[in-house]
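The values are calculated or read from the model by the stated rules, or taken from the named source; none is laboratory data. Everything numeric in this text was worked out from a predicted model, so none of it was measured. Positions of Cβ are generated from backbone atoms using ideal geometry, with glycine treated the same way; all protein chains shown enter the neighbour counts. What goes into the accessible areas is simple: the full protein's heavy atoms, side chains included, and nothing from ligands, DNA or RNA. Shrake-Rupley method; radii C 1.70, N 1.55, O 1.52, S 1.80 Å.
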Amino acid sequence: MTLEAESRPAEADGTRRRARAVLAVLALFIVINAADKAVLGLTAGPIKDELGLTATEFGTIASSFYLLFSLSAVSVGFLGDRIRPRPLLAVLALVWAAAQLPVLLPAAGFGALVATRVMLGAGEGPGYPLANYTAFTWYPEKRRALPSAVVVAGGAGGSVLAAPLVILVSETLGWRAAFGLLGAAGLLWTALWLRLGGGGPYTARLGPGDEPSGAAHDTVPFWRVVTTGTWLGATLSTFAVMWTLALGFAWVPLYLEEQAGFSDAEISGIVGLPALSMAVLVLTAGAVAHRLLRRGVSARLAQGLLGALLPLLAGVCMLGMTRAAPAVLLLALLVVAFSAGNGQTPLTNAAIADICPPGRRSAALGLSYALAALSSLVAPYATGRIIDAAPTEAIGYGRAFDLAAWLLITGAALSVLLIRPDRDARVLLGHSAPKPTASAANAEPSAKE
């Protein structure tokens, strides 16, 4: 394995255009990823009514999505350092489609929903870190926060687009048709990716017989990467953020219907508001961090401290959400509570990528995401148990949202204490990057799939 030089001259115009095209397709990949997650919560009412499910049973279906999510994210994360992203992402999208389509069958009930959600989770677990890793192969160090923000914003776009479309399809053709629609979307994306997608120049060159040339950094033991404060702080904070996201996907539509008294038409518009807010916050945080880093501000401030403000804000708003009486105030707090935390995600992803040797980057991102996603396995089921065990549903929702709020606040505190990318990069990578050979320095970046 040999490495492309990390410090290149300005990319050729053709490479920059290709980078933007690939980034757009990756954002669409995450749009579908988010819609696949959201469809169960958006069709929760009809599903519970038709199948006669309790809150705990519905929570079990929602949690089953994450049963193999983390294991798959870790496994494919390590493969991402050895196999090119083009075939890996195509296979993942095909798995998503194969998991959604069986729900169209009228006989598919509780067991089928659990099985297909497990399969879907296994396919989606590696999707987000692998999409980020692929985006990072098109951009050099210190320019990765903004591309990561674009990828993360795709998740917000998925929620915005999915809500009205899924509810419309569910009301006109039945809730099963919404699952089939997303299965077809996965097939169409696969064709688009095979046409336009691939890895970029800032990546490990994979090929037999290539011995590292100035690639000593890739001999850094993996355990050293995952025991840095930056990796641990990013992972623990993301754990809290993903708990909140899983809670939002599975339970917020039901909360708005059963506790806040909104109609289906109103909910279809409301559930998109956190996603819109998330897109704005994600892109703004990525752009601000990008500008700060270019001005020479430390990565601890630009990625660690700036990022920590967002889950802190989300946690405070979530504590106030169930205590707010006017509907307008409740909605304002709900929007911020379920959107602000994810604004930190592109900053923590970029921080992990910046401290890693290129040959360790995919595995480090994949393992971080996998461990953080364990919260998503627990959150929907735990919420169902909390609601069923409470004296009233209103009290149960309040307790569940308070738990998520304190997790977010704790994650913010850990970010402040642990995320120090500049220090950890010096420890892992040394004070200077490997010098490119003369031929590499003069060469234009070339896309490697």
To the nearest 20 debye, the chain has a Cα-centred charge dipole, built from +1 on Lys and Arg Cβ and -1 on Asp and Glu Cβ, of 1460
Given 25 °C, 0.890 mPa s and a Kirkwood radius over Cα pairs, the Stokes-Einstein diffusion coefficient of the range 319-427 in µm²/s is 150
Phi-derived 3J(HN,Hα) across the range 22-28 with the Karplus relation (6.51, -1.76, 1.60, θ = phi - 60°), rounded Hz, x for Gly and Pro, is 5, 4, 5, 5, 5, 4, 5
Inter-part gap, Cα centre of the range 264-323 to Cα centre of the range 52-85, in whole angstrom, is 25
In Å², rounded to a whole number, the accessible area per residue of the chain with probe 1.4 Å is 38
Per the helix-only model, the chain has a calculated mean residue ellipticity at 222 nm (DSSP H runs of ≥4, -39500 (n - 2.57) each, divided over all residues, rounded to the nearest 500) of -24000 deg cm²/dmol
Whole-Hz Karplus couplings 3J(HN,Hα) for the range 283-293, θ = phi - 60° and coefficients 6.51, -1.76, 1.60, Gly and Pro as x, run 5, 5, 4, x, 5, 5, 4, 4, 5, 4, 5
Cα-based Rg/(2.2 N^0.38 Å) for the range 225-289, rounded to two decimals, is 1.49
Kirkwood Rh over alpha-carbon pairs of the range 240-393 plugged into Stokes-Einstein at 37 °C, 0.692 mPa s gives a D in µm²/s of 194
Ranked output for segments 47-55, 274-282, 420-428 by mean other Cβ atoms within 10 Å, highest leading, reads 274-282, 420-428, 47-55
Nearest 10, in degrees from 0 to 90: the angle of helix 55-64 to the longest Cα principal axis of the chain is 20
Contact order relative to length for the chain, counting C-alpha pairs under 8 Å separated by 6 or more residues, stands in percent at 29
Carbon/sulfur accessible area of the range 53-170, % of total, 1.4 Å probe, equals 78
Applied in sequence order to the range 181-195, the curve 6.51 cos²θ - 1.76 cosθ + 1.60 (Karplus, θ = phi - 60°) yields integer Hz couplings, x standing for Gly and Pro, of 4, 6, x, 5, 4, x, 5, 5, 5, 4, 4, 5, 5, 5, 7
Rounded to one decimal in nm, the spacing of the 7 Å Cα→Cβ label points at A265 and W406 is 4.1
For the chain, the longest principal axis of the Cα atoms and the Cα long axis of helix 229-258 enclose an angle in degrees, to the nearest 10, of 30
With Cα coordinates, the longest principal axis of the chain makes an angle with the long axis of helix 345-355, in degrees rounded to 10, of 30
